[in-house]
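Peer 1: Supplied in C-alpha coordinates, the structure appears directly below.
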Amino acid sequence: MKNVRIVFSKTDRAKYVSHLDLMRTMTRAMRRAQIPLWYTEGFNRHPYLTFAAPLSLGHEGLRETVDIRLEEDVPFDTLIEKINAVLPQGIVAVSAAEAVDKVKELVAAEYTVTLHCSAADVAALLAQDEILVEKRTKKKTYKTVDLKPYFANAVVNEGEEGHCVMDVTLPSGSAENVNPSLFTTALTTTLGYDVRAEYLRRRLLKSDGTEFL
(Lines give C-alpha, C1' and ligand atoms only; values in the text may rest on other atoms or scores of the structure.)
Protein backbone atom coordinates (compact mmCIF):
# COMPACT_ATOMS: atom_id res chain seq x y z
CA MET A 1 0.00 0.00 0.00
CA LYS A 2 1.11 3.55 -0.73
CA ASN A 3 -0.17 6.83 0.72
CA VAL A 4 -0.48 9.64 -1.83
CA ARG A 5 -1.38 13.29 -1.25
CA ILE A 6 -3.19 14.98 -4.12
CA VAL A 7 -3.21 18.79 -4.33
CA PHE A 8 -6.28 20.13 -6.14
CA SER A 9 -8.10 23.39 -6.82
CA LYS A 10 -11.81 24.03 -6.29
CA THR A 11 -12.98 27.19 -8.02
CA ASP A 12 -15.77 28.84 -10.01
CA ARG A 13 -19.13 27.04 -9.68
CA ALA A 14 -17.47 24.15 -7.83
CA LYS A 15 -17.22 26.40 -4.76
CA TYR A 16 -20.90 25.60 -4.18
CA VAL A 17 -20.15 21.87 -3.85
CA SER A 18 -20.42 20.96 -0.16
CA HIS A 19 -17.67 19.02 1.57
CA LEU A 20 -19.83 15.89 1.74
CA ASP A 21 -20.58 16.11 -1.97
CA LEU A 22 -16.88 16.76 -2.66
CA MET A 23 -16.02 13.50 -0.90
CA ARG A 24 -18.56 11.69 -3.06
CA THR A 25 -17.29 13.43 -6.19
CA MET A 26 -13.69 12.47 -5.50
CA THR A 27 -14.63 8.87 -4.69
CA ARG A 28 -16.69 8.59 -7.87
CA ALA A 29 -13.88 10.11 -9.94
CA MET A 30 -11.33 7.64 -8.54
CA ARG A 31 -13.61 4.75 -9.45
CA ARG A 32 -14.31 6.04 -12.95
CA ALA A 33 -10.58 6.59 -13.48
CA GLN A 34 -9.97 3.01 -12.29
CA ILE A 35 -7.52 4.10 -9.61
CA PRO A 36 -6.56 1.06 -7.44
CA LEU A 37 -7.74 2.50 -4.13
CA TRP A 38 -7.30 0.67 -0.84
CA TYR A 39 -10.59 -0.03 0.93
CA THR A 40 -11.15 -0.22 4.66
CA GLU A 41 -11.95 -3.57 6.22
CA GLY A 42 -15.20 -4.49 7.95
CA PHE A 43 -18.90 -4.55 7.12
CA ASN A 44 -19.11 -1.08 5.56
CA ARG A 45 -16.02 -1.00 3.36
CA HIS A 46 -15.13 2.35 1.80
CA PRO A 47 -12.09 3.85 0.05
CA TYR A 48 -9.53 5.70 2.15
CA LEU A 49 -9.84 9.44 1.40
CA THR A 50 -8.81 12.09 3.92
CA PHE A 51 -9.05 15.86 3.46
CA ALA A 52 -6.64 17.89 5.59
CA ALA A 53 -8.91 20.93 6.00
CA PRO A 54 -12.48 20.94 4.66
CA LEU A 55 -13.21 24.09 2.65
CA SER A 56 -16.26 26.12 3.64
CA LEU A 57 -19.21 26.14 1.24
CA GLY A 58 -18.94 29.08 -1.16
CA HIS A 59 -15.17 29.42 -0.71
CA GLU A 60 -12.64 28.77 -3.46
CA GLY A 61 -9.35 26.96 -2.87
CA LEU A 62 -6.20 26.85 -4.98
CA ARG A 63 -4.16 24.19 -3.16
CA GLU A 64 -6.48 21.90 -1.24
CA THR A 65 -5.33 18.40 -0.32
CA VAL A 66 -6.82 14.92 -0.21
CA ASP A 67 -4.91 11.81 0.87
CA ILE A 68 -5.60 8.46 -0.78
CA ARG A 69 -4.13 5.00 -0.27
CA LEU A 70 -3.22 2.86 -3.28
CA GLU A 71 -3.04 -0.92 -3.46
CA GLU A 72 -0.77 -0.69 -6.51
CA ASP A 73 1.81 1.85 -7.64
CA VAL A 74 0.58 4.36 -10.21
CA PRO A 75 2.93 7.01 -11.67
CA PHE A 76 1.97 10.39 -10.24
CA ASP A 77 1.61 12.02 -13.68
CA THR A 78 -0.66 9.18 -14.81
CA LEU A 79 -2.72 9.48 -11.64
CA ILE A 80 -3.32 13.21 -12.20
CA GLU A 81 -4.12 12.73 -15.89
CA LYS A 82 -6.68 10.00 -15.22
CA ILE A 83 -8.41 11.87 -12.40
CA ASN A 84 -8.64 15.16 -14.30
CA ALA A 85 -10.25 13.34 -17.22
CA VAL A 86 -13.30 12.55 -15.07
CA LEU A 87 -13.48 15.38 -12.51
CA PRO A 88 -16.29 17.94 -12.97
CA GLN A 89 -15.65 21.51 -14.09
CA GLY A 90 -14.08 23.66 -11.39
CA ILE A 91 -12.20 20.84 -9.64
CA VAL A 92 -8.68 20.22 -10.96
CA ALA A 93 -6.00 17.89 -9.63
CA VAL A 94 -2.77 19.94 -9.60
CA SER A 95 -0.17 17.46 -8.40
CA ALA A 96 0.37 14.16 -6.61
CA ALA A 97 3.22 13.00 -4.39
CA GLU A 98 3.91 10.93 -1.32
CA ALA A 99 2.60 12.77 1.74
CA VAL A 100 5.39 14.61 3.55
CA ASP A 101 3.64 16.41 6.42
CA LYS A 102 1.24 15.00 8.98
CA VAL A 103 -2.21 16.55 9.28
CA LYS A 104 -1.48 17.63 12.86
CA GLU A 105 1.28 19.89 11.46
CA LEU A 106 -1.30 22.00 9.62
CA VAL A 107 -1.94 25.17 11.64
CA ALA A 108 -2.90 28.03 9.30
CA ALA A 109 -4.15 29.09 5.88
CA GLU A 110 -3.58 32.06 3.59
CA TYR A 111 -6.70 33.81 2.31
CA THR A 112 -7.56 36.52 -0.16
CA VAL A 113 -10.92 38.09 0.64
CA THR A 114 -12.64 40.47 -1.77
CA LEU A 115 -15.00 42.75 0.16
CA HIS A 116 -17.62 44.92 -1.53
CA CYS A 117 -16.95 48.02 0.52
CA SER A 118 -14.17 50.60 0.75
CA ALA A 119 -10.70 49.90 2.12
CA ALA A 120 -11.29 52.78 4.54
CA ASP A 121 -14.27 50.97 6.06
CA VAL A 122 -12.18 47.81 6.55
CA ALA A 123 -9.25 49.77 7.97
CA ALA A 124 -11.57 51.49 10.45
CA LEU A 125 -12.80 48.14 11.74
CA LEU A 126 -9.26 46.73 11.95
CA ALA A 127 -8.23 49.80 13.97
CA GLN A 128 -10.80 49.16 16.70
CA ASP A 129 -9.61 47.88 20.06
CA GLU A 130 -11.87 44.84 19.72
CA ILE A 131 -13.67 43.13 16.86
CA LEU A 132 -16.33 41.07 18.62
CA VAL A 133 -18.45 38.52 16.80
CA GLU A 134 -20.50 35.41 17.62
CA LYS A 135 -18.79 32.18 16.56
CA ARG A 136 -20.46 28.76 16.41
CA THR A 137 -18.58 26.04 18.31
CA LYS A 138 -18.22 22.34 17.52
CA LYS A 139 -20.94 21.69 20.11
CA LYS A 140 -23.29 23.87 18.01
CA THR A 141 -23.41 26.61 20.62
CA TYR A 142 -22.24 30.18 20.18
CA LYS A 143 -19.52 32.13 21.93
CA THR A 144 -18.25 35.68 21.55
CA VAL A 145 -14.73 35.92 20.14
CA ASP A 146 -12.44 38.87 19.50
CA LEU A 147 -11.13 38.76 15.92
CA LYS A 148 -8.65 41.57 16.51
CA PRO A 149 -5.58 39.34 17.24
CA TYR A 150 -6.31 37.03 14.29
CA PHE A 151 -6.53 39.85 11.75
CA ALA A 152 -3.49 41.78 12.99
CA ASN A 153 -1.54 40.53 9.94
CA ALA A 154 -4.21 41.60 7.43
CA VAL A 155 -3.16 43.72 4.45
CA VAL A 156 -5.92 45.70 2.74
CA ASN A 157 -5.75 47.32 -0.69
CA GLU A 158 -8.36 49.34 -2.55
CA GLY A 159 -9.80 47.49 -5.51
CA GLU A 160 -11.97 48.60 -8.41
CA GLU A 161 -15.64 49.51 -8.57
CA GLY A 162 -16.19 49.98 -4.86
CA HIS A 163 -14.51 46.91 -3.44
CA CYS A 164 -11.25 46.16 -1.63
CA VAL A 165 -8.98 43.13 -1.29
CA MET A 166 -7.70 41.77 2.02
CA ASP A 167 -4.88 39.23 2.36
CA VAL A 168 -4.75 37.51 5.72
CA THR A 169 -3.34 34.38 7.37
CA LEU A 170 -5.70 32.68 9.82
CA PRO A 171 -5.59 29.62 12.11
CA SER A 172 -6.67 26.45 10.32
CA GLY A 173 -6.11 23.08 11.92
CA SER A 174 -7.23 20.60 14.55
CA ALA A 175 -6.40 22.98 17.41
CA GLU A 176 -8.07 26.17 16.15
CA ASN A 177 -9.96 27.50 13.14
CA VAL A 178 -11.00 31.02 12.23
CA ASN A 179 -13.22 31.46 9.19
CA PRO A 180 -12.66 34.73 7.27
CA SER A 181 -16.44 35.08 6.90
CA LEU A 182 -16.54 36.05 10.59
CA PHE A 183 -14.83 39.31 9.67
CA THR A 184 -17.49 39.97 7.02
CA THR A 185 -20.15 39.40 9.68
CA ALA A 186 -18.47 41.95 11.95
CA LEU A 187 -18.17 44.38 9.04
CA THR A 188 -21.85 43.96 8.18
CA THR A 189 -22.81 44.72 11.78
CA THR A 190 -20.58 47.79 11.86
CA LEU A 191 -21.68 49.28 8.53
CA GLY A 192 -25.35 48.41 8.90
CA TYR A 193 -25.78 46.67 5.54
CA ASP A 194 -24.94 43.25 4.09
CA VAL A 195 -21.37 43.29 2.82
CA ARG A 196 -20.84 40.87 -0.05
CA ALA A 197 -17.56 38.97 -0.10
CA GLU A 198 -15.65 36.35 -2.06
CA TYR A 199 -13.19 34.05 -0.31
CA LEU A 200 -10.13 32.37 -1.81
CA ARG A 201 -7.93 30.05 0.24
CA ARG A 202 -4.54 30.22 -1.44
CA ARG A 203 -2.64 27.53 0.48
CA LEU A 204 -2.35 25.66 3.77
CA LEU A 205 0.58 26.31 6.12
CA LYS A 206 2.64 24.70 8.87
CA SER A 207 3.82 26.47 12.02
CA ASP A 208 7.10 27.52 10.35
CA GLY A 209 5.20 29.32 7.58
CA THR A 210 5.99 26.81 4.84
CA GLU A 211 3.32 25.12 2.78
CA PHE A 212 1.62 21.97 4.06
CA LEU A 213 2.53 19.18 1.62
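Peer 1: Could you tell me the distance between the Cα centroids of the range 1-58 and the range 104-170, to the nearest Å?
Peer 2: So the separation of the two Cα centres works out to 29 Å.
Peer 1: May I ask for the Rg/Rh ratio of the range 8-87, computed from Cα atoms with Rh as the Kirkwood radius, given to two decimals? Don't skip to the answer; put the middle values down first.
Peer 2: Details: Rg = 13.0 Å, Rh = 13.4 Å.
Rg/Rh for the range 8-87 comes to 0.97.
Peer 1: If each residue of separation counts as 0.36 nm, what is the full-extension length gain between Tyr39 and Thr78 once their alpha-carbon separation is subtracted? All intermediate terms of the calculation are to be shown ahead of the outcome.
Peer 2: Values: separation 39, 0.36 × 39 = 14.04 nm, distance 2.08 nm.
Here the segment from Tyr39 to Thr78 would lengthen by 12.0 nm.
Peer 1: Counting helices only, and only those DSSP H runs with n ≥ 4, report the 222 nm mean residue ellipticity of the chain as the sum of -39,500 (n - 2.57) divided by its residues, in deg cm²/dmol to the nearest 500.
Peer 2: On the way: 4 runs with 42 residues, N = 213.
Dividing the helical sum by the residues of the chain leaves -6000 deg cm²/dmol.
Peer 1: Moving to a separate point now. With every protein chain present, what is the per residue accessible area of the range 105-213 (1.4 Å probe, Å²)? The partial results should precede the final answer.
Peer 2: On the way: 5890 Å² over 109 residues.
Dividing the accessible area of the range 105-213 by its residue count gives 54 Å².
Peer 1: While we're looking at this one, here's another question. State, as an integer percentage, the relative contact order of the chain based on alpha-carbon contacts under 8 Å between residues 6 or more apart.
Peer 2: On the way: 420 pairs, mean separation 54.1, N = 213.
Computed value for the chain: 25 percent relative contact order.
Peer 1: Heavy atoms only, probe 1.4 angstrom, no DNA, RNA or ligands counted: give me Tyr111, Tyr48, Tyr16 ranked by accessible area, highest first. List each step's numbers first, then the result.
Peer 2: Working: Tyr111 15, Tyr48 65, Tyr16 150 Å².
Result of the area sort, largest leading: Tyr16, Tyr48, Tyr111.
Peer 1: Can you tell me the length gained on complete extension of the stretch Leu20 to Asp208, counting 0.36 nm per residue apart and subtracting the Cα distance? Intermediate values should be presented prior to the final figure.
Peer 2: On the way: separation 188, 0.36 × 188 = 67.68 nm, distance 3.06 nm.
Between Leu20 and Asp208, full extension yields 64.6 nm more.
Peer 1: While we're here: Can you give me the relative contact order of the range 83-191 as a percent, contacts being Cα pairs under 8 Å and 6 or more apart?
Peer 2: Values: 144 pairs, mean separation 34.7, N = 109.
With pairs under 8 Å counted, the relative contact order is 32 percent.
Peer 1: Follow-up. Does the chain come out rounded, prolate or oblate by the C-alpha gyration tensor, with a ≥ b ≥ c the root eigenvalues, rounded set by a/c under 1.5 and, if not, prolate when a/b is larger than b/c and oblate if not? Intermediate results must be reported in sequence, preceding the final value.
Peer 2: On the way: a/c = 2.28, a/b = 1.99, b/c = 1.14.
Prolate.
Peer 1: Further question on the same structure: Quick one: if the Förster radius is 25 Å, what FRET efficiency do Phe51 and Lys148 give, using the C-beta to C-beta distance and rounding to 0.05?
Peer 2: On the way: r = 30 Å, r/R0 = 1.19.
Step by step, r from the Cβ atoms, then E = 0.25.
Peer 1: I would also like to ask the following. Between Gln89 and Thr114, what is the FRET efficiency for a Förster distance of 25 Å, r being their Cβ-Cβ separation, to the nearest 0.05?
Peer 2: Working: r = 22 Å, r/R0 = 0.87.
E(calc), rounded to 0.05, equals 0.70.
Peer 1: State the percentage of accessible surface on the chain attributable to carbon and sulfur atoms; use a 1.4 Å probe and exclude ligands, DNA and RNA. Provide the component values of the computation, followed by the final result.
Peer 2: Working: 5910 of 11860 Å².
C and S atoms contribute 50 percent here.
Peer 1: Now a separate question. What does a probe at Lys102 reach in the range 57-74, counting residues whose amide N is under 19 Å from the point 7 Å along Cα→Cβ?
Peer 2: 66-69
The values are calculated or read from the model by the stated rules, or taken from the named source; none is laboratory data. The structure presented is a predicted model; accordingly, all values stated were derived computationally and were not measured. All Cβ positions, even for glycine, are placed from backbone atoms using ideal geometry, and neighbour counts span all protein chains on display. Keep in mind that these areas ignore ligands, DNA and RNA; they rest on the heavy atoms of the full protein, side chains included. Shrake-Rupley method; radii C 1.70, N 1.55, O 1.52, S 1.80 Å.
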